[in-house]
Each structure stands twice: as C-alpha cells, then as structure tokens.
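Q: To start, I am sharing the structure in question, which I have written as structure tokens.
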Amino acid sequence: MNRKTLVLPAVAGLLAPLLAACGGAEKGGAIVVGTTDQFIATADAPAPLDPAFAYDTGAWNILRQTVQTLMHVPRDSGEPVPEAAQTCGFSDKASESYRCKLRAGLTFADGTPITAEDVKFSIGRVLKIKSDNGTAALLSNIDTIETKGADEVVFHLKTPDATFPYKLSTPVAGILSKDKYEAGKLRDGFDVDGSGPYTMKAELDGDRATRFVFTKNPAYKGDITLRNDQVELRAYADAGTMGRALESDDIDMMARSLSRKQVKDLTETPKDGIEVVEVPGLEIRYLGFNTKAPAVQEKAVRQAMAAVVDRGALVNRVYGTTAEPLYSLIPSSITGHATPFFDTYGEPDQDRAAKLLKDAGVKTPVKLTLNYTTDHYGAETAEEFDALKKQLVGSELFDVTLEGAEWSTFRTAQKRGDYAVYGLGWFPDYPDPDNYIAPFLDSDNFLNTPYVNKVVRDQLIPSSRRQADRTAAGPVFNKIQKIVAEDVPVLPLWQGKQYVAARDDLNGVEYALNTSSDLLLWELGRGTA
C-alpha cells in the first residue's frame, strides 16, 4: 500500500541521543516506536523521570505510560475524565474544593494497595521539593490536601481554578509509592514505579537512556484500554537516522520529530508500506528574554526586535507548510487566541524599530547573542536562528552573535539566567489558554524569568481561572496578551503542525498523539483494522 496522508480534525501540541540497539521490529512482537527525544541524566538534572522534576514532553511521554493520575485527557481531547479516580469534581460553586474518590482495588505494579494517603504524599512531595524546573507551579494553587478514609481525597485551593482537573491529568500529579520515593528528595536515574498501564525498563548508554521497553501491567485498573502487550521506544540521534530505520522496517512508527524535508518527501513521494499522519499542532516557538540582562533590559530593545522580525519570511524559509506565523502566546484554535503583536507592530518595519530605539536613547547597533539548543527541537533550529540573525542584522540596528548548546547544558544555563535572549518551544501541558500564559508569567514559572507584571500575576490570571466556561475567559486573556505585546518579555514566532509516520500494518496511529502531544502508546495495534 502506498503511503498516504491522513488529516485529523484535532489540534495537537516534543525530542535525541545515541542510536539505540538495532534489530528489526519483529512482527507480532513488541511494537517499536522511534523518537528523537533526549533522555539524559546530568549532574545538574540527575532525576529526569521524577514527576517532581520532569517538565518536557519526552520525559512526560515516559511517565504517562507508567504513572497513573487521578484524571486524564481522553484521546479525542475534550475535558479530563477520571483515570485512577472513580469520580472527581468540584464540591463547591466557587471551584475551590475538588474531591476525588479512588477506583476500588487500585494497586501499584508490585501489588501494593493505593490509598488516598499515596495521592496526598505524591502531590505534597512535588510542592515540598519545588524543583527549579517549574513543575511545582502547576500545583502551587493547592492550599491543603485532606484525606477521608482510604479512598477519598479533597484538594482545597487557595483561589478558584477551573483548570485544576487538567492539572491533575499531568504527570506532575502522578501517584507514587512512599516505599519507592522519598518525600523531600528527587529520585535519580531512569527507574519509574507507578500504577500506570505499563511497567518500564530502560536501556542505558552511560548517562543516556537509549531504549525503553513498556510491558502491559497486569495489575492496572483505570480508564485506559490497552491494544498491545508491549511497546518499545527507541531514541535516535536525528530524524534522518530514525527515518531510515522506518524505511528498513527496524521500527514500526516514528513520532517526534520529523524534519521538514521528511514531511515533504513522505507526502509528495509516497513509499510502499508507509503512511503519514498529519496532526494540526499546538506547539509554539518563541524568543525569551532575561529582562534584567543589560543587552535587553531596556524595553525598547525588545520592542524593536518585535518590530523587525518577519515571521512569514522565517516560516517560509525554514519550515514551509509545516508551520505558520504566530502573533500571540496563545495559538490559533485555542480559546483566547488573538494577534496582539501584529496589532501593535504590524508588518516588519525597520524605521519604526529605529525610532523606538532612538526615543529610548539606545545606541545602535545593539549587540546581542541569540542562544539556542542544537539537539532538542529538530534539525531546522540552527537554520531558524541563522535566519533570525540575518533579519536583525539586515535592519542595521543589531549586531548579532549566535551560540548553540546541547539541551542538557542549554536548559540549565537558561534557568540560571545566563542568556539575555534564548529560543524555546512550548508544548501544552493541557489544551487551555491558561497553559500558554501561566508558565511564562505566573510565579515559579517555567522560564524562571525576572519579568513580573503584578496586574497579570495577581489579578488577570486568577480572574481567568474563575471562569468554568473557558470561552468566557477570552476577554481576560486578550488583556494579558496586549500587555505581553507591550512589554515583550517573550516574542512569539510560530506555531507548528505535528506528523507521525508508520508502517501500514500498524493501526491506531491516528490516535497515538492527542491534542497536547501526549504519546498514547496503548492505542497502537497490529493489523489493518
């Protein structure tokens, strides 16, 4: 069968160490999935798979298979539904008290019973450790956790939060055993113990995990139905190597991340035995700023960059039809999307940028270093930053140097504040506008940014969370986005689509990624049905 393109009516939202052990994908055996995600334990980040630390899609896609959460987002998106819980819901009209009752007979994979105290321990542990990776921010609105008997837990929130069920569906809220995890310390390495649909064993090469084998957990009780008994996830050094493994039938599917060239070749020149699935994406890319760094401390410098950058030209040159320009932190098709950066700065305008700098007394050319990661977001990242440099330098207002670093070094330096300007991507924790605002602007945020806007942080974000009807929060998010366009603590660039390629004897591929870019490996099965 020739490869074909399937376009899904959904919206989606991650990435590549050494080539894992080779060997064909034995038909009838484990389903083998390739990825270019990185899985590295370093001195600065020795616990990449601890739910209290992990905050990238690669790590979360390991945890989602192995660690159970009270709620989960179903494959067809929509609102979260109970997973480890039998029932969950707000018990008050103000959305400040959230009550969950556990399913009967829940156990960890080793047979140890799960109780409400395990839930309290697990979430309390995240808040106690409060790692510098930003994970605890998702749960920071919890005031107290109360248990009632062995199977009921109540979360009392500091302020109303209609998005709380989504937060309980993320791996940061994964249920852990007190016997396997310490209350105040991260668990180093790549072992994971939970009650999820699979158990997992990792194969290591030094400080890198190169292969994960997921085996059906016979003790699992939850909302998920498994369509296979075993899935293997192999990490590849780059998309090209992963693609060749698919063509040679060494793997059954490749997920994150296909290059632009691969997408073009796979769709324009179909090959027998391979299918391509296109999923409209919720991934965004942006420039972040350390607003205390001398080079960009003056707001006019950041505004001038916003006035010069040509998103359309950038996307056309580097990503083609696999991305589109973005003029807001909130991507299109998400409630609250607007175009404040276009409304504020219009088309790229060198004269306007020059006036902004002149009026602020900034001497030109402004010297900048653009920092980016060389191995986390795909092969095109270096080309993207070269294009950005040429645009900025071409305006004659900036003198730009580029510096690339591996993700393990880059992310640590970025959080530490070493970079004045840096490039990052964002894949949503959950498909709600709150998750494109709070991780960048709220306290304990993912960026560890020094930028603080008290109106946004103390008034607008809490106000948006009071709205159970998320469309009703749209005007509040519009106000936030206008402030972001004025202050430019971040500069959105583009939003991307997502693609998966698979052998045509694999089914369930169209469900293998949900709208938040979560890998749902349990959806994959053999055969053409």
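Q: Could you sort out which of K120/K479; K167/K479; K101/K454 sit more than 32 Å apart by Cα distance in this structure? Mind showing how you got there, number by number?
A: Numbers: K120/K479 36 Å; K167/K479 24 Å; K101/K454 37 Å.
Beyond 32 Å: K120/K479; K101/K454.
Q: Tell me whether the stretch 56-123 comes out rounded, prolate or oblate; compute the Cα gyration tensor, take square roots of the eigenvalues as a ≥ b ≥ c, and use a/c under 1.5 as the rounded threshold.
A: Since a/c reaches 1.5 but b/c is at least a/b, the shape of the stretch 56-123 is classed as oblate.
Q: For V154 and Q230, calculate 0.36 nm times their separation in residues minus their Cα-Cα distance, and state this gained length in nm to one decimal.
A: Details: separation 76, 0.36 × 76 = 27.36 nm, distance 3.51 nm.
So the extension gain works out to 23.8 nm.
Q: Right, something else. Testing the spin-label approximation: label points 7 Å from Cα along Cα→Cβ at K367 and K178. State their distance in nm.
A: Reported label-point gap for K367 and K178 is 5.7 nm.
Q: Excluding E383 itself, calculate the net charge of residues whose Cβ lies under 10 Å from the Cβ of E383, where each Lys or Arg counts +1 and each Asp or Glu counts -1. Mind dumping the intermediate values first?
A: Numbers: positive: R260, R317; negative: E380, E384, D386.
Result for the local shell: -1.
Q: Report the label-to-label distance for Q86 and D351 in nanometres (one decimal), using points 7 Å from each Cα along the Cα→Cβ vector.
A: Each label point lies 7 Å from its Cα, and together they span 7.1 nm.
Q: Let me ask another. When the chain is fully extended, how far beyond the present Cα-Cα distance does E146 get from E268, taking 0.36 nm per residue of separation? Before the final figure, lay out each step's value.
A: Values: separation 122, 0.36 × 122 = 43.92 nm, distance 5.66 nm.
38.3 nm is the gain from fully extending E146 to E268.
Q: Amide H neighbours of Q86 under 5 Å, counting only residues 5+ apart in sequence or on other chains, H built in-plane at 1.01 Å?
A: K101, L102, R103
Q: I'd like the distance between the alpha-carbon centres of the stretch 152-215 and the stretch 330-351, rounded to an integer number of Å.
A: Computed from Cα coordinates, the inter-centre distance equals 37 Å.
Q: When ligands, DNA and RNA are left out and all protein chains stay put, how many square angstrom of accessible area per residue does the stretch 398-521 have with a 1.4 Å probe?
A: Details: 3820 Å² over 124 residues.
Each residue of the stretch 398-521 exposes 31 Å² on average to a 1.4 Å probe.
Q: Gap in Å between the Cα centre of the stretch 436-457 and the Cα centre of the stretch 69-125?
A: Taking the Cα centre of the stretch 436-457 as reference, the centre of the stretch 69-125 is 28 Å away.
Q: Further question on the same structure: Mind checking which lysines have their C-alpha under 21 Å from K497, skipping anything on the same chain fewer than 8 residues away?
A: K4, K261, K264
Q: Additional query: Using alpha-carbon positions, what is the distance between the centroids of the stretch 280-320 and the stretch 392-417, in Å?
A: Distance between centres, Cα-based: 12 Å.
Q: Add +1 for every Lys or Arg and -1 for every Asp or Glu among the other residues with Cβ under 12 Å from the Cβ of E182, and state the total.
A: Working: positive: R125, K128, K178, K180, K185, R187; negative: D50, D179, D188.
Net charge in that neighbourhood comes out at +3.
Q: Pull out a ≥ b ≥ c, the square roots of the eigenvalues of the alpha-carbon gyration tensor of the chain, then state rounded if a/c is under 1.5, prolate if not and a/b is larger than b/c, and oblate in the remaining case.
A: Working: a/c = 1.75, a/b = 1.21, b/c = 1.44.
Oblate, since a/c reaches 1.5 and b/c is not below a/b.
Q: Any idea what the relative contact order of the stretch 158-310 is, in percent, if you count C-alpha pairs under 8 Å spaced at least 6 apart? Don't skip to the answer; put the middle values down first.
A: On the way: 102 pairs, mean separation 15.2, N = 153.
Taking the mean separation of contacting Cα pairs over the length of the stretch 158-310, I get 10 percent.
Q: Let me ask another. What percentage of the solvent-accessible surface of the chain, computed with a 1.4 Å probe over protein heavy atoms, is contributed by carbon and sulfur atoms? Write down the numbers at each step before the final one.
A: Working: 9530 of 19840 Å².
Here carbon and sulfur together make up 48 percent of the probe-accessible area.
Q: So what's the net charge close to D469: Lys and Arg +1, Asp and Glu -1, counting the other residues with Cβ under 15 Å from its Cβ? Provide the component values of the computation, followed by the final result.
A: Working: positive: K93, R465, R466, R470; negative: E79, D161, D432, D434.
Counting the neighbours of D469, the net charge comes to 0.
The values are calculated or read from the model by the stated rules, or taken from the named source; none is laboratory data. Keep in mind it's a predicted model, so treat the numbers as computed, not measured. With ideal geometry, Cβ positions are generated from the backbone for all residues, glycine too; neighbour counts draw on all protein chains shown. For the accessible areas, the whole protein counts, side chains as well, though only heavy atoms, and no ligand, DNA or RNA atoms are used. Shrake-Rupley method; radii C 1.70, N 1.55, O 1.52, S 1.80 Å.
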